[in-house]
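S.K.: Questions regarding the structure given below will be posed in turn.
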Amino acid sequence: MKRWLFVATLVFSFVFSLSLAQTTVTWAMWGSPEEIATHQAVADAFMASHPDINIEIWSQPWGDYFTKIQTLWASGDSSVIPDVMFLSPVVNYAADGVLENLDPYIEASNYPIDDYWPGLLEFGMYDGHVYGFPRDIGLEVLYYNKDIFDEAGVDYPDETWTWDDLTAAAEKLTDVSSSGRVNRYALGMEGGKYQLWIGQNKGSILDDMRNPSRCTLADPEAMDAIKFFADMMNNNYAMRDANLGQAGGDAAVFQSGQVAMIIQNASRISAFNAAGMNYDVAVVPIPEGGQRSASAAGAAWTMSSFSDDKEAAWTFLSWLQSTDGGQAIYTSSGEILPALQSTAKSDAFMGASDTPSNRMAFITEGENAKVGRAGFFPEWNELSGSIISPALQAIWSGEATPEDALPALCESVDAFLAQNGYPK
Amino acid sequence: MSLPSQTSSRKRSSGWRPSQQNEAYLFLLPSLIGFALFVLVPIVGAFVLSFFKWNLISPAQFIGLDNYQQLLFQDAVFRKVLANTFVYAVSIVPLQLISGLIMAVALNQGIRGLELYRLIYFMPVITNIVAVAIVFQWLLNRDFGVANAWVWQLAEATGWPIAPPDWLNSSFWAKPAVIILTLWKNIGFTMVIYLAALQGVPESLYDASKVDGASGLQRFRFVTIPMVSATTFFLVVIQMIGAFQLFAEPFVMTRGGPAQASLTIVMYIYQNAFEFGRMGKATALAWILFAIIFVFTLIQTRLQRRWVHYETGD
Amino acid sequence: MTRRKRIGHIFLHLFLIIGSLFMLLPFFWMLSTSLKEAREVFTFPPQWIPSKLNWSNYTKALTAMPFGRFYLNSFLVAISTTALTITTSSLAAFAFARLRFKGRETLFLVYLATLMIPFTVLLIPNFIMVRYLGWYDSYWALIFPPAFSAFATFLLRQNFRGIPVELDDAARMDGASSFRIWWQIIMPNSGPALAALAIFLFLGNWNEFLWPLVVTNSAEMRTIPVGLNSFQGQYSVKWELLMAAAVVAMLPIIIVYMFAQKWFIKGITVTGMGGR
C-alpha cells in the first residue's frame, strides 16, 4: 500500500511538474546591438504575459546570418535549429522544406491576414501557402539633412519632386573641390537598391519573378532607370557603390555629413534621432509619368518545420504579429514601418517621435508598394550574386555603360535561366 | 633555416625486436585516427562529392562530370577568377622575391640597427590578416584615405588635373590594392629567409671576386644570386602555392569586387559552397585548383635544374 | 671604416628608414584613428594626431561585441591545437624515425603525398565531416580537424633522425621502453625544433581565418579574426571603433613578439620553409 502511494505521488508530481515546465522557443534574427535590445524587450513582454513559454534569442550580424542559419538546418538537429526565425526571402527556404506551412494555423485561429499592406503577404508565400509573416514593410523613403539643404539654399523635397528635381538639387548639394576630390556627395544609395528606380520607371528585372523566361534589364524602361542611377554616380552626385560600402555604409556617411540624402527604410530613425540630427523624410522622387514603387517586401517571421513545440511557436508568432503584441512594440521603438496597416496608422507609428515629422511619406509609399524586387525561386541568390550584381557593379563603378553592359548581362542571365531549366 | 636536409644515413639500431611492430602502431594510432578522419576520408569524399549536385539540404544528385564540364567550358565567372588568380600569382611572387632580396642585401651590409629593422619589417608577418585588411581598406578610401591624401593635396595646391587611383572601386586598381597589402604583409618573411641564406654565403667568395675587380653590381649578379638560388627556388614554390590560394585579403578588403575584378578561385569556392549551396561544384573547383598548383610546382621543379645552383661537396 | 663605406651606410639607413615608415604607417594610422572623435575621422586633409585621446572608443568597441570571449576562444583553440599537433605528430614521427614495422615506408609516403593536397580541397569535405560528427559550432570543430598535420610529422621525423641512435641503444640496454625513450631522450633532445614548430603552429592557428569562419556560427564560438570580420559586416561601420577593435586584436601578439623576436622569426622561418 505504501508502495502504491509512493508511486502515485511520483507520477502525480511528475505530471504536475510537466504542466509547470516551460517550453523554450528559440528565436533567431539579425541586427545591430541596439536592434537586438528591442527584440529582447519584445521577448520580455511576451514572457510576462505567457509565463509557460520561455523565449531564447539567437542573433547574428546581417552579413553572416543567412549563411549561418543555413548550416544550422544542414545539421538537422532540432535542438539547435531556432523555432521562430527572421528570414528573407521566404521562398528560398520554403522550397527546401525547412519551414512550416502556416495556413492551418491561420485558419484554426482566425488570424487577420487582411490587415497586411497590399501585396506584402505575397512576400511570405510559396506555392500559394503562407510560410512567413513579414514583420514590417521595408520600403525606402528619402532622408535629407536639413542643415545641408539650408546651407546650399535648396528647397526641401516634397511629393511633387521628379527625377529632374532630384538631379537639379543634387547638382547644388554636391561639393567638389578644385582637384576633383569630392567633399560631399548629394546622395548615398546602395547600388543593390537599383530596382527602386526600375520599378518607378515601370520596368523589371525578369519577365516573371517566380518563373522567369527572360531578362528584361535591357528593355528601355529598365535601361533608362539604370542610366539615371549611373549618371548620378558619374556626375559625382551619388557616392559610388563600392566607395559607399567602404566608407562605412549609407547611415554612417549620412550621419557624418558626407552625403546630404540617403534612400533608406525606417530602420535608421532611432540612430539618427539619438545622434540629434536635423533631418526629415520625403517620398522618393519619381520620373515624369512614372509610379511610386516602394518595395512590398520585408523580412518575415517563419516557423521551423523541425520545431519541437509548434503550438508554442505559433502562440508566439501570432502574438508577435498583432497590433496588441509585438507589432506595437517594434513600431514605437521607431525602427520599423509595421506590416499591419492598423498598427502603422495608429499613434504607435504616426506619433512615435517628433522627428522625422513627415511620417506620411511612409504611408504614401506603403499604399503604393509593389512586389518584385527579388526573384521568388531558389537559384535567385546565385543568379543575383554571381551574374547580375557583378555586371551592375561595373556600371556603378563607371567602367561600363548601361548600353554596352545590359544586353550582354541579359544574355548571361538568359543562359543561366536556360541552364537551370527555366521557365518551368 | 634548414632546407629539408638529406636524411642522415646513420646505421640502423641493432636493438630491433619483433614486438616493436605492435608498439609502433600504438605510437602511430593517435596521429593515424586524426589523419584518416580529417585528411584521407575528406580527400576521398571531396573526389566523390565533385560528381554530385548537393546543397546540403535536399538529397544529393549524381551528375557525373557536369560540375567539371560546366566550370571548364561554360562558367564565365570561373574564367574570370582564374585570370584574376593568375594575375595575383605572377605579380605577387616576383615582387615579393625581388623586394625581399633587396631588403635582405641592404640589411646584410654589416650596418647598425639590424635587429630593429628586422623587428619592424617582420612585424606585419605575425599580425592578423583580417585586422590588417580592414586597416588597408580604410587607408585606400578614395576621398578620405591617407594613401590618396597627398595626391589630392598636391592637386589642390598646384591646380594640376591629377587624380589618385580610386583603389577599391576600380576593376583595374582593386588588384594592385590586394597585391600591395599582400606584399606589405609578407615582405618580412621573404627578407628574413634571404637574410639567413646570405649569411651562409662564404665571405671568401666576395673577396675573391673583389680581387678579380668585380663591381658591387657584378658581385650581386654573379655571386649573390647564384648562391641564394636554392632559397629562391624554395620561395618561388611556396609563395606560388600561397598566391594561388589567396582568400582573406580580397575577402575582407574588396569582397571580390568591383564586378568580380578581385575575386579569387578560393573565394569563388567559398561563395559556391556557402552562399549558393553548390557543394559539388565547389569541390570540383577545388580539384581544378589542385591540378593547377600541381602542374605549376612540377614545372618549377623541372626548370630548377637549369638555374638553381646547389653547393657541391657539402 | 672607409669614408666611402660610411657614406654608403648613410644611404642604406635612409633607404631602410623610408621602408620602415612604409611598414609602420598602417599601424600608426590605425592607432590614430582608433583614438579620434567620430567627426574627426572624415576630415581632410587627414588629421594625423587626434585632437584629444578618446579612450572611450575602446570601451565602446569592446562592449559592442564579446571581445573577451573571442580572445578566450582564440587562445584556447590555438593552444589546444598546437599541443595536440605536437603530441600526435611527435609520437608518429618517433615511430617513423626509430621503430621498424611493416608498411613503414608506404605509410610514410602516404603522409608525404598528402602534403601536396592544398587545404582548400579539404575545406568542404571537412566541413561536412564536422557536421556528421555533430561538432558544428563547437570547440571540437575548431581544434581537431586542423590538428593532424602530415607536415609536422615530416618535420619532426627529419629532426629525430638527426639524434644519435646510440642514445636509444644505451637506454634500451638499461631496459627503457620505447615510450620512455621518446619522452626522455628524443623529446628533450629536440627542444629547439619543437619550440620553433610550436610557435609556428600557434601563430598559424591564432591567425587562421577561413576554417573558423566556416565552422562557427554563434558569437560565443568566434575567434578574433572571425569576430573582427563580423564586426565590420554590421550595418554601419564606425571607423574609430573598428580601428580600436583592430588594435585590440593585434596588440598582444605584437607585444609578445617585441620581446621574443628571435623565437618568432626562427619559428616561422625554420618551420615555415615547409608550409605556409
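S.K.: Other chains' Cβ within 10 Å of B:273-281 residues: what's the mean? Each step should come with its number before you reach the end.
M.R.: On the way: counts 6, 10, 7, 7, 8, 3, 5, 1, 1.
That average works out to 5.
S.K.: Now for a different question. Scan chain A and note any complete DSSP helix (H) whose C-alpha atoms cover at least 18 Å along its axis and whose Kyte-Doolittle average is -0.5 or more.
M.R.: Details: long enough: A:2-20 (27 Å, 1.49); A:33-49 (25 Å, 0.12); A:62-75 (21 Å, -0.26); A:220-234 (20 Å, 0.11); A:402-419 (25 Å, 0.37).
Helices meeting the criterion: A:2-20, A:33-49, A:62-75, A:220-234, A:402-419.
S.K.: Cα gyration tensor of segment A:291-424, axes a ≥ b ≥ c as square roots of the eigenvalues: rounded (a/c below 1.5), prolate (a/b > b/c) or oblate?
M.R.: Values: a/c = 3.16, a/b = 1.53, b/c = 2.07.
Here segment A:291-424 falls in the oblate category.
S.K.: Check every DSSP H run in chain B and write down those whose alpha carbon atoms cover 20 angstrom or more along the long axis and whose mean Kyte-Doolittle hydropathy is 0.0 or greater.
M.R.: Numbers: long enough: B:20-35 (22 Å, 0.56); B:76-107 (46 Å, 1.66); B:174-199 (37 Å, 1.27); B:229-244 (22 Å, 1.81); B:279-307 (42 Å, 0.90).
Flagged H segments are B:20-35, B:76-107, B:174-199, B:229-244, B:279-307.
S.K.: Could you work out the helix-only [θ] at 222 nm for the protein assembly as shown, with each DSSP H run of four or more residues adding -39,500 (n - 2.57) and the total divided by the number of residues, to the nearest 500 deg cm²/dmol? Present the calculation step by step, with values, prior to reporting the outcome.
M.R.: Values: 47 runs with 571 residues, N = 1014.
So the helix-based figure for the protein assembly as shown works out to -17500 deg cm²/dmol.
S.K.: Return the ratio Rg/(2.2 N^0.38 Å) for segment B:67-206, where Rg is computed over Cα atoms only.
M.R.: Numbers: Rg = 19.8 Å, N = 140, 2.2 N^0.38 = 14.4 Å.
Normalised Rg, Cα atoms only: 1.37.
S.K.: Along the charge dipole of the protein assembly as shown, Cβ charges K/R +1 and D/E -1, which of C:SER90, C:MET250, A:ASN265 sits furthest on the positive end?
M.R.: After comparing all options, I get C:SER90.
S.K.: Taking +1 at the Cβ of each Lys and Arg and -1 at the Cβ of each Asp and Glu, which of C:GLY103, A:GLY421, A:SER178 sits farthest along the dipole of the protein assembly as shown towards its positive end, judged by Cα position relative to the Cα centre?
M.R.: Result: C:GLY103.
S.K.: Same structure again: For a quick check: sort C:LYS238, A:LYS172 by the number of other beta carbons within 10 angstrom, fewest at the front.
M.R.: Values: C:LYS238 22, A:LYS172 13.
Fewest-to-most ranking of C:LYS238, A:LYS172: A:LYS172, C:LYS238.
S.K.: Rounded to the nearest Å, what's the spacing between the alpha carbon centres of segment A:278-342 and segment A:148-176? Just the number, please.
M.R.: 31 Å
S.K.: Taking the inverse of the average 1/r across all pairs of different Cα atoms in segment B:67-307, what Kirkwood radius in Å do you get? Intermediate values should be presented prior to the final figure.
M.R.: Working: mean 1/r = 0.0493 Å⁻¹.
This gives a value of 20.3 Å.
S.K.: Ok, one more. Let me know the charge dipole size of segment C:61-272 about its Cα centre in debye, to the nearest 20, where only the beta-carbon of Lys, Arg (+1) and Asp, Glu (-1) is charged. Let's see the in-between values first.
M.R.: Values: 14 positive and 9 negative charges, 53 e Å.
About 260 debye.
S.K.: Same structure again: Return the Cα extents of segment A:246-361 along principal axes one, two and three, sorted largest first, each rounded to a whole Å.
M.R.: 49, 35, 27
S.K.: Arranged by the count of other C-beta atoms within 10 angstrom, fewest first, what order do B:VAL308, B:VAL41 take?
M.R.: Details: B:VAL308 18, B:VAL41 15.
Fewest-to-most Cβ neighbours within 10 Å comes out as B:VAL41, B:VAL308.
S.K.: How big is chain A along each principal axis, measuring the range of its Cα positions in Å and listing the largest first?
M.R.: The Cα atoms of chain A stretch 99, 52, 37 Å along the principal axes, largest first.
S.K.: Moving on. In whole angstrom, note down how far apart the Cα centers of segment C:80-158 and segment B:230-279 are.
M.R.: 24 Å
S.K.: Now, a different point. Between segment B:104-181 and segment A:80-111, how many Å separate their Cα centres?
M.R.: The distance from the Cα centre of segment B:104-181 to that of segment A:80-111 comes to 49 Å.
S.K.: For the protein assembly as shown, compute Rg over Rh where Rg is the Cα radius of gyration and Rh is the Kirkwood radius from the inverse mean 1/r over Cα pairs.
M.R.: On the way: Rg = 31.5 Å, Rh = 31.5 Å.
We get a ratio of 1.00 for the protein assembly as shown.
S.K.: Please report A:SER256, A:SER78 as a ranked list, fewest other C-beta atoms within 10 angstrom at the top and most at the bottom.
M.R.: Working: A:SER256 19, A:SER78 13.
The order, fewest Cβ neighbours first, is A:SER78, A:SER256.
S.K.: Of B:LYS53/B:LYS80; B:LYS80/B:LYS281; A:LYS345/C:LYS238, which sit over 25 Å apart, Cα to Cα? Walk me through the numbers before you get to the answer.
M.R.: On the way: B:LYS53/B:LYS80 23 Å; B:LYS80/B:LYS281 16 Å; A:LYS345/C:LYS238 34 Å.
From the list (B:LYS53/B:LYS80; B:LYS80/B:LYS281; A:LYS345/C:LYS238), the Cα-Cα distance tops 25 Å for A:LYS345/C:LYS238.
S.K.: With only Lys, Arg, Asp and Glu charged, each at its Cβ (+1 for the first two, -1 for the last two), find how big the charge dipole of segment C:96-199 is about the Cα centre; round to the nearest 20 debye. Intermediate values should be presented prior to the final figure.
M.R.: On the way: 9 positive and 6 negative charges, 44 e Å.
Using Cβ point charges on Lys, Arg, Asp and Glu, segment C:96-199 gives about 220 debye.
S.K.: Return the distance in nm (one decimal) between the two label points of a simple spin-label model at A:GLU56 and A:ASP324, each offset 7 Å from Cα along Cα→Cβ.
M.R.: Placing both labels 7 Å along Cα→Cβ, they lie 3.0 nm apart.
S.K.: Right, next: If I take all pairs of Cα atoms in segment C:3-57, what percentage of them are more than 18 Å from each other? Intermediate values should be presented prior to the final figure.
M.R.: Numbers: 751 of 1485 pairs.
Taking all Cα-Cα pairs of segment C:3-57, the fraction more than 18 Å apart is 51 percent.
S.K.: Let me ask something else. Average partner chain C-beta neighbours within 10 Å, per residue of A:177-186?
M.R.: Values: counts 5, 5, 14, 7, 13, 3, 4, 1, 1, 0.
What the average comes to for A:177-186 is 5.
S.K.: Okay, next question. Along the positive direction of the dipole of segment C:61-272 (beta-carbon charges: Lys, Arg +1; Asp, Glu -1; about the Cα centre), which of C:THR120, C:PHE259, C:ALA78 reaches farthest?
M.R.: Farthest along the dipole direction, towards plus: C:THR120.
S.K.: Additional query: Take chain C, compute every pairwise Cα distance, and split them into 5 Å bins from 0; I just need the percent in each bin.
M.R.: 1, 5, 9, 11, 13, 12, 12, 10, 8, 7, 5, 3, 2, 1, 0, 0
S.K.: Along its principal axes, what span do the Cα atoms of segment C:136-268 show, with the longest given first and each in whole Å?
M.R.: Dimensions of segment C:136-268 along the principal axes of its Cα atoms: 70, 36, 19 Å.
S.K.: Additional query: Rounded to the nearest 20 debye, what is the charge dipole size of segment B:181-276 about its Cα centre when +1 sits on each Lys and Arg Cβ and -1 on each Asp and Glu Cβ?
M.R.: It works out to roughly 120 debye.
S.K.: Would you please state which residues of segment A:312-347 a label at A:SER49 would reach in this model, taking the label point 7 Å out along Cα→Cβ and a backbone N cut-off of under 13 Å?
M.R.: A:315-330, by backbone N distance to the label point.
S.K.: While we're looking at this one, here's another question. So how far apart, in nm, are the two label points at A:GLN40 and C:GLU220 if each is 7 Å from Cα heading toward Cβ?
M.R.: Calculated label separation equals 1.5 nm.
S.K.: While we're on this one: Once you put a point 7 Å from the Cα of C:TRP140 and another 7 Å from the Cα of B:TRP184, both along the Cβ direction, what distance in nm separates them?
M.R.: Going from the C:TRP140 label point to the B:TRP184 one covers 4.1 nm.
S.K.: Something else now. What are the ³J(HN,Hα) values, in whole Hz, obtained from phi via the Karplus relation 6.51 cos²θ - 1.76 cosθ + 1.60 with θ = phi - 60°, for each residue of segment C:126-136 in sequence order, with x given for Gly and Pro?
M.R.: Along segment C:126-136, the couplings run 5, 4, 5, 4, 4, 5, 5, 6, x, 9, 3 Hz.
Rule-based calculations on the coordinates, nothing more; no lab input. Note that the coordinates shown come from a computational prediction; the quantities given were computed from them, not determined experimentally. Ideal geometry is used to build each Cβ from the backbone, glycine not excepted, and the neighbour counts take in all protein chains shown.
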